[in-house]
Amino acid sequence: MGKTHWRIGVAGLGTVGAGLIKLVTARPRFSPTGDLCTVTGVSARSRSAPRPVDISGLPWFDDPVALAASPDNDIFVELIGGAEGPAKAAVEAALRLGKPVVTANKALIAAHGRDLAILAEAHGAPLLFEAAVMGGTPAVKMLREAMVGDSIHAVAGILNGTCNYILTQMEATGRGFAEVLGEAQAMGYAEADPTTDVGGYDAGHKISILAALAFGGAPTLSAAEIEGVDSIELLDIRLAKDLGYRIKLIASATNVAGAVSVRVHPALIPLDHPLARVDGVLNALFIHGAAVGRIFIQGAGAGAGPTAAAVAADIADVMTAAVRPVFQRAALDLEPIAPVSPDAATGRVYVRLLVKDEPGVIASISETLAEAGVSIDSFLQKSVEGAGGVPIVLTTHLAPEATIAKAVGAMAALPTLIASPRVIRIAHI
Ligand SMILES: NC(=O)c1ccc[n+]([C@@H]2O[C@H](COP(=O)([O-])OP(=O)(O)OC[C@H]3O[C@@H](n4cnc5c(N)ncnc54)[C@H](OP(=O)(O)O)[C@@H]3O)[C@@H](O)[C@H]2O)c1
């Protein structure tokens with residue numbers, strides 16, 4: 001007879017760890033097998049810190065590696081975070097013993113996914129990470145399981161709730177980036193050190209994982225081009241809206257002639273596009289499959305309840321003995337994602353220029369673009385009080401990115417320009 005009682009060790013008792021303990025306590029038979037799941041060991045930094053759940057009756061481990069190695073649990077759940085340090089050491093220790101691991105740690109999987117998958121498969125242990133991308137909204141299982149019969153062209157979406165909250169609030173309240181970030185920190189939507197979120201790195205970790213699952217490679221952080229929202233100005237949000245767009249931080253992985261473009265950057269999205277309507281801390285993702293066409297999912301990307309539910313779904317996979325490779329092929333056969341050659345990339349951009357209020361300025365800009373071979377889609381000249389010149393914004397038609405870069409360089413050299421051009425990509429999703 002199979003196992004009917006599964007004991008889990010939980011390392012990390014923060015937002016997600018406490019959420020998981022609450023879920024397992026309230027619904028210990030959440031697995032479709034109906035088997036019992038109980039917590040038989042916990043670890044965190046401080047034993048005495050106040051917690052939203054009662055851990056007084058649970059065996060305590062100062063060292064998460066000792067918890068991972070303890071024979072008193074059957075599944076190790078890593079909810080500490082970080083690509084290195086105790087999280088990595090504990091996950092490795094569990095896998096080396098052939099113990100199933102469930103983690104929500106995107107930084108760890110994005111940085112060490114292939115090595116950990118090799119370790120997991122060598123020791124016959126599942127390594128599951130549904131909660132690592134989009135928290136409670138199922139993106140990993142969608143690509144890993146439900147879509148393996150299709151061939152994916154692209155995945156693209158809003159994968160960082162903090163950045164989306166900041167952009168949404170900037171537009172809604174007319175306040176600048178720094179002020180809205182401060183408020184997000186006070187409300188607990190942004191970390192004290194916001195770099196990982198606002199610099200685009202968190203979304204970079206997540207899209208690297210989705211790219212690996214969508215295109216059958218290893219997570220390859222070095223292949224990702226990453227730009228955050230920290231340089232977005234209110235002026236761009238307003239001007240983009242006048243042109244019929246909203247600025248969002250978009251993470252995408254796109255198949256371009258067999259190579260994969262993996263990117264995180266602010267992008268203009270047409271106001272009537274579903275991604276433009278994803279507000280606040282929500283996450284959303286488009287998956288474009290050759291057979292199924294476009295799928296759109298939207299939901300909670302973080303939070304104790306949603307993220308713990310995703311962790312529990314992975315625990316249920318272990319309990320139901322669902323077995324697959326960690327990524328889409330045997331770990332030893334995983335190749336890095338091959339980045340797209342810069343020459344092959346095409347796109348459209350929004351360019352904001354600040355020019356002197358002189359005759360002939362617009363003609364010189366148009367000529368410069370025409371000479372470079374870039375055609376203009378829309379053009380807007382708008383007086384803004386205190387701007388110190390005349391802001392001009394234009395959007396281009398589709399052109400090779402290298403050609404656009406050359407045209408922007410030529411515009412930057414025009415004597416009538418007061419400040420460097422501000423370029424934001426226009427999404428093609
Ligand atoms: N928060 C979310 O909504 C969310 C969503 C998706 C994925 N995730 C991922 O889930 C993981 C956990 O996130 P979280 O938000 O729950 O983090 P958190 O609230 O900061 O909690 C982290 C926990 O790890 C513990 N910890 C830190 N260093 C440790 C060490 N050296 N040894 C043992 N324990 C240690 C902390 O102990 P103390 O409590 O004693 O300080 C704390 O309990 C991260 O990988 C994160 O990226 C989070």
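Quick look at the numbers
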| item | result |
| --- | --- |
| Sole residue being under 29 Å from the mean Cα position of the chain (by Cα) and of a type in the set (A, V, I, L, M, F, W, C), chosen from A68, A49 | A68 |
| Residue in region 24-32 that is part of a helix (DSSP H, G or I), away from the ligand (no atom under 11 Å from the Cβ), at negative phi and buried (at least 18 other Cβ atoms within 10 Å of the Cβ) present | yes |
| Residue match in region 147-157 (condition: within 16 Å of the chain's Cα centre (by Cα), at pLDDT 95 or above and part of a loop (DSSP other than H, G, I, E, B)) | no |
| Pick from region 62-85, criterion within 15 Å of G14 (Cα to Cα), near the ligand (Cβ under 9 Å from one of its atoms) and not in a loop (DSSP other than H, G, I, E, B), ranking: least open to solvent (accessible area, probe 1.4 Å) | E78 |
| Residue check for D197: under 18 Å from the mean Cα position of the chain (by Cα) and free of Cβ contacts under 8 Å to residues at least 40 places away in the same chain | yes |
| Count of residues meeting criterion [open to solvent by less than 40 Å² (accessible area, probe 1.4 Å) and under 17 Å from N105 (Cβ atoms)] in region 284-303 | 2 |
| Enumeration of residues in region 33-57 that are surrounded by fewer than 11 Cβ atoms within 10 Å (Cβ to Cβ) and more than 16 Å from the ligand (Cβ to nearest atom) | G34, G57 |
| Only listed residue being touching a strand residue (DSSP E or B) at 6+ places or on another chain (Cβ under 6 Å) and either among the hydroxyl-bearing types (S, T, Y) or free of Cβ contacts under 8 Å to residues at least 60 places away in the same chain (or both), chosen from T137, T168 | T137 |
| Residue, surrounded by the fewest Cβ atoms within 10 Å (Cβ to Cβ), within region 135-146, restricted to residues that are over 13 Å from the mean Cα position of the chain (by Cα) and hydrophobic (A, V, I, L, M, F, W, C) | A146 |
| Filter pass, L13 being in a helix (DSSP H, G or I), touching a residue at least 40 places away in the same chain (Cβ under 8 Å) and within 16 Å of the ligand (Cβ to nearest atom) | no |
| Single match in G34, G41 (criterion: at pLDDT below 95 and closer than 27 Å to T320 by Cα) | G34 |
| The one condition in (1) among the β-branched types (V, I, T); (2) open to solvent by 20 Å² or more (accessible area, probe 1.4 Å); (3) touching a helix residue (DSSP H, G or I) at 6+ places or on another chain (Cβ under 6 Å) that I247 fails to fulfil | (2) |
| Exclusive hit being at pLDDT 95 or above and outside the structural domain of E233 (by TED's automatic domain parsing), set V351, V326, V390 | V351 |
| Leading residue by the ranking (farthest from the ligand (Cβ to nearest atom)) among those in region 285-305 that are of a type outside the set (A, V, I, L, M, F, W, C) and within 16 Å of the chain's Cα centre (by Cα) | Q298 |
| Subset of region 324-356 (residues that are acidic (D, E) and more than 23 Å from the chain's Cα centre (by Cα)) | D333, D343 |
| Region 54-76, residues that are in contact with a Ser or Thr (Cβ under 7 Å, 6 or more places away or on another chain) and either under 22 Å from I207 (Cα atoms) or touching a residue at least 60 places away in the same chain (Cβ under 8 Å) (or both) | D72, N73 |
| Subset of region 93-118 that is in contact (Cβ under 8 Å) with a residue 60 or more places away in the chain and of a type in the set (D, E, K, R) - its residue that is nearest to the ligand (Cβ to nearest atom) | K106 |
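The values are calculated or read from the model by the stated rules, or taken from the named source; none is laboratory data. Everything numeric here is computed off the predicted structure, so don't read it as measured data. Neighbour counts are summed over all protein chains in view; Cβ atoms, including those assigned to glycine, are modelled from backbone coordinates with ideal geometry. Just so you know, the surface numbers come from the protein's heavy atoms only, side chains and all, with ligands and any DNA or RNA stripped out. Shrake-Rupley method; radii C 1.70, N 1.55, O 1.52, S 1.80 Å.
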